[in-house]
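Report on the structure given below.
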Amino acid sequence: MKETISPRMTVNLGQLKLKNPVMTASGTFGYGEEYAGYIDLNKLGAIVVKGLSLKPRLGNPPPRIMETTGGMLNAVGLQNIGVDAFIEEKLPFLRKYAVAVIANIYGETYDEYKKVAKILSSAKGVHALEVNISCPNVKNGGVIFGSDPKIAARVTRTVKDETSLPVIVKLTPNVTDIAVIAEAVEKAGADAISLINTLTGMAIDLKTRKPHLRNITGGLSGPAIKPIALRMVWEVVQRVSVPVIGIGGIMTAQDALEFLILGAQAVQIGTANFINPHATMEIIEGIKDYLTVNKIKDVNDIIGTFRP
């Protein structure tokens, strides 16, 4: 009986090499340790940790998360322990694993982005930075940095000037033309682009006639946004030459494959982690199964094969 050869799953995001195209999305996987009891972290393509700021952040007051039709709304507000505590308390655990660690970073000013990037660049065990210019539920910074091409480019250049690590820029969908922003950050030196972050939404409690979220608005994620994410990834891959990472409503291997076929080099799994902590493992195996059944030897052979 002929032995079935497992398909090649390795992908490259510029100089960053991943063992497979499945990454976790920032803010949905903690600092990695929270999921270590459920899955083998070594099997992931990359772990993108919870967004890090220069100083610890408490985030927004509760209630700040709720389930909605086809997804969830969150207004956590980038609660995190701060970059110094991450390096001291969380990074040693991640160093035990043979997996790419990507630090998502956030700042309220250009100087804060600069300082966080500089600190992480000298930290052993960080393999890339993902620059968050797209959070819709913080009062300062966030989506403001991601909605103007010139400002987005300046943030990108600020981070690039402080690090030798690959720089991924995460884009907001809450703009008129996301491809214009993508082109701006590419010209400013982005090594890769990830999209989309959450869509701004809200929900109302009919009993009290008040918002369900204390912040009033929050970020919508989950299956409901996948068609929008696919459309935006399709627009961006046609306009930039750097690798693109697809995010938005990916719950299954079939969802992930749609993004890869469109031209994304990798995908990030977010809301699915809350529903099913084994989601990333199932998606990796599902992609392998698809390749095997269709006699495709290398995952790269399906990337960008969309036929409009």
> From the set of residues in the range 101-136 that are surrounded by fewer than 22 Cβ atoms within 10 Å (Cβ to Cβ) and among the small types (G, A, S), which is nearest to N12 (Cα to Cα)?
Replying inline: G125
> On the given criteria, is N74 crowded, with 17+ Cβ neighbours inside 10 Å, over 16 Å from the mean Cα position of the chain (by Cα) and not aliphatic (A, V, I, L, M)?
Replying inline: no
> Within the range 245-274, can you find the residues that are assigned to a loop (DSSP other than H, G, I, E, B) and within 20 Å of I225 (Cβ to Cβ)?
Replying inline: G248, G249, I250, M251, T252, G263, A264, G270, T271
> For the range 248-261, what are the residues that are in contact with a Leu (Cβ under 8 Å, 6 or more places away or on another chain) and surrounded by 24 or more Cβ atoms within 10 Å (Cβ to Cβ)?
Replying inline: G248, F259
>> For E235, only one of the following conditions fails: (1) more than 19 Å from the chain's Cα centre (by Cα); (2) assigned to a helix (DSSP H, G or I); (3) under 22 Å from E183 (Cα atoms). What is its number?
In response: (1)
>> Can you report the number of residues in the range 18-28 which are within 12 Å of I102 (Cα to Cα) and part of a strand (DSSP E or B)?
In response: 3
>> If I ask for residues that are within 29 Å of T163 (Cα to Cα), in contact (Cβ under 8 Å) with a residue 60 or more places away in the chain and surrounded by fewer than 15 Cβ atoms within 10 Å (Cβ to Cβ), which ones from the range 178-219 would you list?
In response: none
> Applying the selection to the range 269-308, what residues are closer than 18 Å to N42 by Cβ and of a type outside the set (V, I, T)?
Replying inline: N273, P277, H278, A279, M281, E282, E285, K288
>> Being in contact (Cβ under 8 Å) with a residue 24 or more places away in the chain, surrounded by 24 or more Cβ atoms within 10 Å (Cβ to Cβ) and closer than 22 Å to A75 by Cβ is the filter here; which residues of the range 143-177 pass it?
In response: G146, K170, L171, T172, P173
> Can you tell me how many residues in the range 1-39 are buried (at least 16 other Cβ atoms within 10 Å of the Cβ) and β-branched (V, I, T)?
Replying inline: 5
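Suppose the filter is out of contact with any Gly (no Cβ under 7 Å at 6 or more places or on another chain), at pLDDT below 95 and either on the phi < 0 side of the Ramachandran plot or small (G, A, S) (or both); does D148 pass it?
Numbers: out of contact with any Gly (no Cβ under 7 Å at 6 or more places or on another chain): yes; at pLDDT below 95: yes; either on the phi < 0 side of the Ramachandran plot or small (G, A, S) (or both): yes.
Judged against the criteria, D148 is a match.
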> How many of the residues making up the range 158-177 are part of a loop (DSSP other than H, G, I, E, B) and either closer than 22 Å to G218 by Cβ or of a type in the set (A, V, I, L, M) (or both)?
Replying inline: 7
> Restricting attention to the range 275-299, which residues are touching a strand residue (DSSP E or B) at 6+ places or on another chain (Cβ under 7 Å) and assigned to a helix (DSSP H, G or I)?
Replying inline: A279, T280, I283, I284, V299
> Out of the range 66-80, which residues are free of Cβ contacts under 8 Å to residues at least 40 places away in the same chain and closer than 13 Å to K55 by Cβ?
Replying inline: Q79, N80
>> Conditions first: (1) touching a residue at least 24 places away in the same chain (Cβ under 8 Å); (2) assigned to a loop (DSSP other than H, G, I, E, B); (3) in contact with a helix residue (DSSP H, G or I) (Cβ under 9 Å, 6 or more places away or on another chain). K96 passes all but one, so which condition is the exception?
In response: (1)
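Only one of A190, A224, A229, A153 is in a helix (DSSP H, G or I) and over 19 Å from G27 (Cβ atoms). Can you tell me which?
Values: A190 fails: in a helix (DSSP H, G or I); A224 fails: over 19 Å from G27 (Cβ atoms); A229 fails: over 19 Å from G27 (Cβ atoms).
Exactly one of A190, A224, A229, A153 is in a helix (DSSP H, G or I) and over 19 Å from G27 (Cβ atoms), namely A153.
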> Can you name the residue in the range 159-190 that is of a type in the set (S, T, N, Q) and in contact with a strand residue (DSSP E or B) (Cβ under 7 Å, 6 or more places away or on another chain) and, of all such residues, is modelled with the lowest pLDDT?
Replying inline: N174
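The values are calculated or read from the model by the stated rules, or taken from the named source; none is laboratory data. This one's a predicted model, so the numbers in the text were calculated from it and none came from an experiment. Every residue, glycine as well, gets a Cβ built from its backbone with ideal geometry; the counts of neighbours run over all protein chains shown.
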